[in-house]
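Working notes for the structure below.
Where a number appears in this text, it was derived from the coordinates with a stated rule and is not lab data. Everything numeric here is computed off the predicted structure, so don't read it as measured data. Counting neighbours? That spans all protein chains shown, and the Cβs are built from the backbone with ideal geometry, glycine included.
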Amino acid sequence: MAPASPKKDAKEQARPKDKKELIKQMLRELKECGDTDAVRERFKEVLRTATADEIARAEEELVREGLPREELHSMCDVHLEVFKESIEKERRVAPEGYPVRILMEEHEGMLRLAEELKAVAKGLLLATDPKAEDALQARLDRAIADVKGTENHYLREENVLFPYLERHGVTEPPKIMWMEHDQIRELKRGLYELHADFDGDGDSVGFAQHLAKSAQALTEMLSSHFYKENNILFPMALKFLSEGEWAEVRAEFDGIGYTPVTPVLASAGAAAQQAAGKAASGMVGLPSGPLSMVELAAILDALPVDISFVDAEGHVRYFNETPERIFTRTRAVIGRTVEGCHPQKSLHAVNQILEDFKAGKRTKAEFWINLKGRLVMIRYFPVRSRDGAYLGCLEVTQDITDIKRVEGQKRLLD
């Protein structure tokens, strides 16, 4: 008689067979014990074949099952360390001119900017010649200006790439990346304040030490963030988006604009131009007068305000395309939920306003902020049918800086 098999570990016996469930179990065990070596050994078969898509899907299910997104985010670096070998095997290189290729090349440029800030800080610590200090100050001014110019990189991801991924059911990775965008913005804001407060006549050593610390924090944050996008988010995008969608994404990217570190771009191509230039036709029979689709779109775009409409289910249905919008909008956001259009830190307030509108507790909500030296007013209004049914919410944003200065009167022919 053959000897009896040794009794298996209780966790081993309870281990599910489905790969996604195995990955979820791995992530739970990482959260509980944090012992990456032990987890690697127990799940080595899964680690050899896990893909970025499977890892992301497992994380999404854990969030749906109740794991706080902030907790998942705090574990991201540990997850990546365990899965590093398997996800790097899957990494694909996008063709020249592809939106994700542009983003990846911008990643390299932004890391170079962070390294330049570190180099300037080191130079200031060692400099003894006033001329050398002046040259370093000029380098710092240029680098800070270039860092400020990288904001469109994040706007293109948030307003174009993320919505397209969400259409394919990829929801959690974009939300985690947006959370990190806001963390990067906080680091950059501190860097700008440090730069603005230094006039060159103060404590240059103390300033250089603070600059080195800020630049190092930014470098570490960017390196971690870009690794996740290059190895998880972008491979998923290449897997799910069609050629036609990539053409549309590229056209939207071109519309938002690029950065000081963007490489020379390949032609967007005829498909992208065609996607960007689709024109509507037909008539709309409004109660106060019929308008052609062309006339209606032109009227809404001529308004001196940004307007966006979210339907009763919380999906973005429309926004006007004024020549100088205050907040970036792209056609990729059409159909996106409100949750996907606001950073996590403000989402609870937006949801509360929408719930109050639905319940009839509010007739408007108003805010005003200082943005790039201008006073901007943001107003929300519930939209209802003539019989009072809630149809959605209208957001109206307006630069009121010049309006506030108005005094006396000015007649039409003055």
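When Lys and Arg each count +1 and Asp and Glu each count -1, what net charge do the other residues less than 15 Å away from residue 318, Cβ to Cβ, add up to?
Numbers: positive: 317, 325, 329, 331, 336; negative: 301, 306, 311, 313, 321, 395.
Counting the neighbours of residue 318, the net charge comes to -1.
Just how far, in whole angstrom, is segment 302-332 from segment 218-257 if you go by their alpha carbon centroids?
23 Å
At a 10 Å Cβ-Cβ cut-off, how would you order 160, 294, fewest neighbours first? Numbers along the way, then the final one.
Values: 160 24, 294 13.
Lowest count first: 294, 160.
Measure up 175/372; 122/175; 188/404; 19/239; 213/345; 188/358 against 29 Å on the Cα-Cα distance and list the ones that go over. Don't skip to the answer; put the middle values down first.
Details: 175/372 26 Å; 122/175 36 Å; 188/404 31 Å; 19/239 19 Å; 213/345 26 Å; 188/358 38 Å.
Over 29 Å Cα-Cα: 122/175; 188/404; 188/358.
Specify the inter-centroid distance of segment 115-134 and segment 338-414, based on alpha-carbon positions, in whole Å.
Here the answer is 47 Å between Cα centres.
Taking the mean number of other Cβ atoms within 10 Å as a proxy for protection, how do you rank 348-354, 304-310, 21-27 from highest to lowest?
Numbers: 348-354: 15.6, 304-310: 18.3, 21-27: 20.7.
Ranking the peptides 348-354, 304-310, 21-27 by packing returns 21-27, 304-310, 348-354.
Taking the beta-carbon count within 10 Å as an exposure proxy, list 324, 116, 108 from fewest neighbours to most.
On the way: 324 7, 116 18, 108 12.
Arranged by neighbour count, lowest to highest, 324, 116, 108 become 324, 108, 116.
Output needed: percent of Cα pairs per 5 Å distance bin for segment 296-403, bins running from 0 to the one holding the longest distance.
Each 5 Å bin holds this share of Cα pairs: 2, 11, 20, 25, 22, 14, 5, 1, 0.
Between residue 324 and residue 183, what is 0.36 nm times their sequence separation minus the Cα-Cα distance? Round to one decimal in nm.
On the way: separation 141, 0.36 × 141 = 50.76 nm, distance 2.70 nm.
Contour length minus the Cα-Cα distance gives 48.1 nm.
Suppose we keep just the alpha-carbon trace of segment 99-262; what are its Rg and Dmax in angstrom?
18.0, 58
Given N residues in segment 184-246, what is Rg(Cα) / (2.2 N^0.38 Å)? Don't jump to the answer; show the numbers that get you there.
On the way: Rg = 18.2 Å, N = 63, 2.2 N^0.38 = 10.6 Å.
Here the answer is 1.71, to two decimals.
Using the count of nearby Cβ atoms within 10 Å as a rough guide to exposure, how do 110, 104 rank from fewest to most? Walk me through the intermediate numbers first.
Numbers: 110 23, 104 17.
Least to most surrounded, the residues fall as 104, 110.
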